[in-house]
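Here the structure comes first, spelled out in structure tokens, and everything after it is commentary.
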Amino acid sequence: MPLSKALEPQRRILGKVGRKRKQSRFPPRNRQERKKIAKNQIAKLLELALSELPSNGRQAERHASIAWALATRFNVRLREKRLLFCHYCKQFIVPPTTARYRLSRRRVGINITCFRCGRTYRKLFSKAK
């Protein structure tokens, strides 16, 4: 029996031995610094997307999708800019072209309807203390 066949059960247990660790795509910086850079880039991209929306809708959607990808990759909270994305399909929505925002009478909040996926969801306001 060849030597490689004899060592096969051990390889399954130990994993691949002798492989170098894959280098990171990012230079060695700390996590907070990368998060801060990502937050700045997200702000720029969303500002650019809002300014380009009337003239070039596809480009604006592309900027917004890149901003969403950065926010999810680096775990950056979008806070009030979160309303620019559909809760369900995660597409860039801006009223009145791709969404409808209505004030709710029963609950204190906003009803948001996405024209792309057709879903309606609510954003409730907190009571002031």
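State all residues of the range 50-62 that are within 24 Å of G118 (Cβ to Cβ) and either in a helix (DSSP H, G or I) or assigned by TED's automatic domain parsing to the domain that holds L124 (or both); if no residue qualifies, say none.
Answer for the range 50-62, where residues must be within 24 Å of G118 (Cβ to Cβ) and either in a helix (DSSP H, G or I) or assigned by TED's automatic domain parsing to the domain that holds L124 (or both): L50, G57, R58, A60, E61, R62.
What tally of residues in the range 58-85 results from selecting those that are among the acidic types (D, E) and surrounded by fewer than 11 Cβ atoms within 10 Å (Cβ to Cβ)?
Residues meeting the conditions: 1.
Across the range 97-129, what is the total count of residues that are modelled with pLDDT under 85, assigned to a loop (DSSP other than H, G, I, E, B) and not hydroxyl-bearing (S, T, Y)?
Going through the range 97-129 one residue at a time, the tally reaches 8.
With the structure loaded, tell me whether K90 is of a type in the set (D, E, K, R) and within 20 Å of L46 (Cα to Cα) or whether it fails that test.
Against the criterion (of a type in the set (D, E, K, R) and within 20 Å of L46 (Cα to Cα)), K90 qualifies.
Read through the list (1) in contact (Cβ under 8 Å) with a residue 24 or more places away in the chain; (2) among the basic types (K, R); (3) not in a helix (DSSP H, G or I), then give the number of the only condition that K90 fails.
(1)
Looking at (1) loosely packed, with under 13 Cβ neighbours inside 10 Å; (2) of a type outside the set (A, V, I, L, M); (3) not assigned by TED's automatic domain parsing to the domain that holds K123, which is the only condition R107 fails?
Going through the list (1) loosely packed, with under 13 Cβ neighbours inside 10 Å; (2) of a type outside the set (A, V, I, L, M); (3) not assigned by TED's automatic domain parsing to the domain that holds K123, R107 breaks only (3).
The values are calculated or read from the model by the stated rules, or taken from the named source; none is laboratory data. In this text the structure is predicted, and so the values were computed from the model without any measurement. Neighbour counts are summed over all protein chains in view; Cβ atoms, including those assigned to glycine, are modelled from backbone coordinates with ideal geometry.
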